[in-house]
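Peer 1: The structure follows.
The values are calculated or read from the model by the stated rules, or taken from the named source; none is laboratory data. On a predicted model such as this, the values are computed, not experimentally measured, just so you know. Quick reminder, even Gly has a Cβ in these numbers, built from the backbone with ideal geometry, and neighbours come from all protein chains shown.
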Amino acid sequence: MRCTPQLKSDAPSEIIIPKAVTSIPDVEGHKLEIITTANDPAHSFVWIPSLKTIAGGISVSIDTHLWMADTKGYDGIDKWVGQIDKMKALHPSKVIASHYLKSNDSPKVLDFVREYLVNYKAAAESSKTGDELSEKMIAKYPKLGGVDNLKMGAKVFKGEMEWELKSPYPAIGNHVLVDFGKDFQFDLNFIDNQQMRFTGTTAANKNLAELVRYTAVEVSPNVYMVYWSEASTKANVVHVQNWNTHEVYTNIANPDGSFIHLKGTLKIKD
């Protein structure tokens, strides 16, 4: 592992990848709901209706400058604001922040986060450098902690510092509609981060359906190579899914040595 030289004996012997879930069992009789948005899965949160409580996850912090290095440009800020608005629309009685200096479960934390994001976007748009952006935010929020995080995040946001960021695979937990044209369309149900069920949805392929184990690898920002093997056809399938343009390129290797190459579109089913 790349971390072994630095961590030495403290380095993990193996990396355990948790299984993605789309629902959570009840806890002490309380139903928990995962609220997410297809185009911004990183800012998912948990809603507990019976307690009118939100566990905000990474979307919600208080008493400190927000960590912005993981936010992809102005569009990323807008998506984050959208998640905060979705939380506010639930009219919670309590909001549990993921980062805080002192415990505070007031729903007013959502107002703070939203205002901060709006101000950060305005400051970024009017700043030429990360330092200038940091100075404007410090002047706006002189009492907030986390100044070092602010300065680093600002440099990343303005493109002065490299910061490798892997996007969550947006298909997980969703139905993806793939259209290759010529009456050749599929519904791909990505059940979790390992299992996907594909189903043909047109006359030409209505008999094609199978549950497969897939692998998704981000090869470029928001572009994924997704591949699996099919027991029914003995074919190996590779998708290159570009979620920036909603295009998909497919290579199907058949057991007889022949190949099928397709280009189509993809979108998450509403």
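Peer 1: Tally up the residues in segment 171-196 that are farther than 18 Å from THR250 by Cβ and either within 17 Å of the chain's Cα centre (by Cα) or buried (at least 19 other Cβ atoms within 10 Å of the Cβ) (or both), please.
Peer 2: Total meeting the criteria: 7.
Peer 1: Can you find, within segment 115-169, the residue that is surrounded by the most Cβ atoms within 10 Å (Cβ to Cβ) among those that are touching a strand residue (DSSP E or B) at 6+ places or on another chain (Cβ under 8 Å) and not assigned by TED's automatic domain parsing to the domain that holds ASP63?
Peer 2: Here the answer is TYR169.
Peer 1: Still on this structure, I have one more. What is the residue count in segment 166-199 for residues that are charged (D, E, K, R) and part of a loop (DSSP other than H, G, I, E, B)?
Peer 2: Going through segment 166-199 one residue at a time, the tally reaches 4.
Peer 1: Anything in segment 39-54 that is crowded, with 17+ Cβ neighbours inside 10 Å and either of a type in the set (Lys, Arg) or touching a residue at least 40 places away in the same chain (Cβ under 8 Å) (or both)? List them, or say none.
Peer 2: Within segment 39-54, ASP40, PRO41, ALA42, HIS43, PHE45, TRP47, THR53, ILE54 meet the criteria.
Peer 1: Any residue at all in segment 190-206 that's touching a Gly at 6+ places or on another chain (Cβ under 6 Å), over 24 Å from ARG114 (Cβ atoms) and aliphatic (A, V, I, L, M)?
Peer 2: no
Peer 1: Another question, if that's okay. Looking at (1) at pLDDT below 95; (2) of a type in the set (Phe, Trp, Tyr); (3) part of a helix (DSSP H, G or I), which is the only condition TRP163 fails?
Peer 2: (3)
Peer 1: Among the residues of segment 58-65, is there at least one that is touching a helix residue (DSSP H, G or I) at 6+ places or on another chain (Cβ under 8 Å), closer than 28 Å to ASN189 by Cα and not assigned by TED's automatic domain parsing to the domain that holds ASN242?
Peer 2: yes
Peer 1: Tell me, yes or no, whether segment 129-145 has at least one residue that is modelled with pLDDT of 95 or more and either under 24 Å from SER44 (Cβ atoms) or in contact with a His (Cβ under 6 Å, 6 or more places away or on another chain) (or both).
Peer 2: No, that holds for no residue.
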